[in-house]
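The structure appears right after this line, and notes come after that.
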Amino acid sequence: MTAAVITCSNRSAAGERADESGELLASLLAQAGYLVSPRVVVPDEIGAIRAAVRAAIEAGAQVVVTTGGTGLAPTDVTPEAVRPLLDREVPGIAEALRLAPRDQVPTAVLSRGVAGTIGRSLVVTLPGSPGGVRDGMAVLTPLLGHIVDQLCGSDHRPGGGA
């Protein structure tokens with residue numbers, strides 16, 4: 001199974017800040033059994049984000065996860081970049097990503113992240129903080145295998161994918 005990690009951050013793209021969230025995300029995907037390639041950092045620009053998502057899918061990534069750019073800052077444009085690319089949105093994933101950590105992190109509900117499919121690939125936009133990545137992967141990890149199976153045309157797993 002293959003995954004791509006795209007960090008959307010002006011500061012990381014400019015080399016002003018280490019890409020801790022992207023590193024953590026790649027590590028968590030690898031622990032979940034994914035071969036992570038590519039892992040890229042792009043600025044918070046719609047064109048750059050779209051190009052990176054398209055390139056990851058063209059390279060064969062079954063799962064594409066972005067980190068960063070889902071908040072309310074004026075430069076946060078990841079949802080605007082990704083949403084038009086989606087063939088189908090999967091709103092339940094985005095809702096779960098916002099709601100799961102809300103009791104410990106009330107600001108989690110401010111994320112405008114989206115999730116959906118492009119062809120046979122899942123695309124999910126996570127917040128840019130390491131905590132947001134950790135919380136997001138706690139939601140995603142149990143779902144990923146089932147989602148990839150479904151996108152490849154397999155039948156439903158017994159027990160709801162567990």
Practice problem: Specify the angular offset, from 0 to 90 degrees and rounded to the nearest 10, of the alpha carbon long axis of helix 130-151 from the longest principal axis of the alpha carbons in the chain. | Solution: 30 degrees
Exercise. Please work out how much accessible surface residue 72 shows to a 1.4 Å probe, ignoring ligands, DNA and RNA, in Å² rounded to 10.
Key: 120 Å²
Quiz prompt | Solvent-accessible ranking of 8, 152, largest area first, probe 1.4 Å | solution = 152, 8
Practice problem: Could you tally the net charge around residue 25, taking each other residue with its Cβ under 14 Å from the Cβ of residue 25, Lys/Arg +1 and Asp/Glu -1? | Solution: -2
Self-check item: In order through region 20-32: 3J(HN,Hα) via Karplus (6.51 cos²θ - 1.76 cosθ + 1.60), integer Hz, x for Gly, Pro
Solution: 5, 5, x, 4, 4, 4, 4, 5, 5, 5, 5, 4, 7
Practice problem: Please report, in cubic angstrom per residue, the volume enclosed by the convex hull of the alpha-carbon atoms of region 81-145. | Solution: 80 Å³
Quiz prompt | Percent of beta bridges antiparallel (DSSP, region 9-133, rounded to nearest 5) | solution = 55 percent
Exercise. Starting from the alpha-carbon convex hull of region 1-63, give the projected area averaged over all orientations, in nm².
Key: 3.8 nm²
Practice problem: Pick out which of 149, 44, 19 has the largest mean-square fluctuation in a Gaussian network model of the chain, springs linking Cα atoms closer than 10 Å. | Solution: 149
Quiz item: In whole Å, what is the distance between the alpha-carbon centres of region 21-38 and region 133-147?
Solution: 12 Å
Exercise. Mind putting a number on the dipole of the chain about its Cα centre? Charges go on the C-beta only, +1 for Lys and Arg and -1 for Asp and Glu, and I need it in Debye to the nearest 20.
Key: 100 debye
Quiz prompt | 5, 105, reordered so the largest accessible area comes first (probe 1.4 Å) | solution = 105, 5
Quiz item: Taking the Cα-to-Cβ direction at residue 83 and at residue 120 and moving 7 Å from each Cα, how far apart do the two end points lie in nm?
Solution: 2.9 nm
Exercise. Estimate the FRET efficiency between residue 99 and residue 35 by the formula 1/(1 + (r/R0)^6), using the beta-carbon distance for r and 22 Å for R0, to the nearest 0.05.
Key: 0.15
Quiz item: How are the Cα pair distances of region 38-162 distributed, in percent, across 10 Å bins from 0?
Solution: 13, 45, 33, 8, 0
Quiz item: Considering only 52, 77, 38, whose Cα is most displaced toward the positive end of the charge dipole of region 29-137, charges sitting on Cβ of Lys, Arg (+1) and Asp, Glu (-1)?
Solution: 38
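The values are calculated or read from the model by the stated rules, or taken from the named source; none is laboratory data. Treat the numbers as computed from the prediction; the structure is a model and nothing was measured. In this analysis, Cβ positions are derived from the backbone assuming ideal geometry, glycine residues included, and neighbour counts consider all displayed protein chains. Protein only, heavy atoms only, side chains kept; ligands, DNA and RNA dropped before computing areas. Shrake-Rupley method; radii C 1.70, N 1.55, O 1.52, S 1.80 Å.
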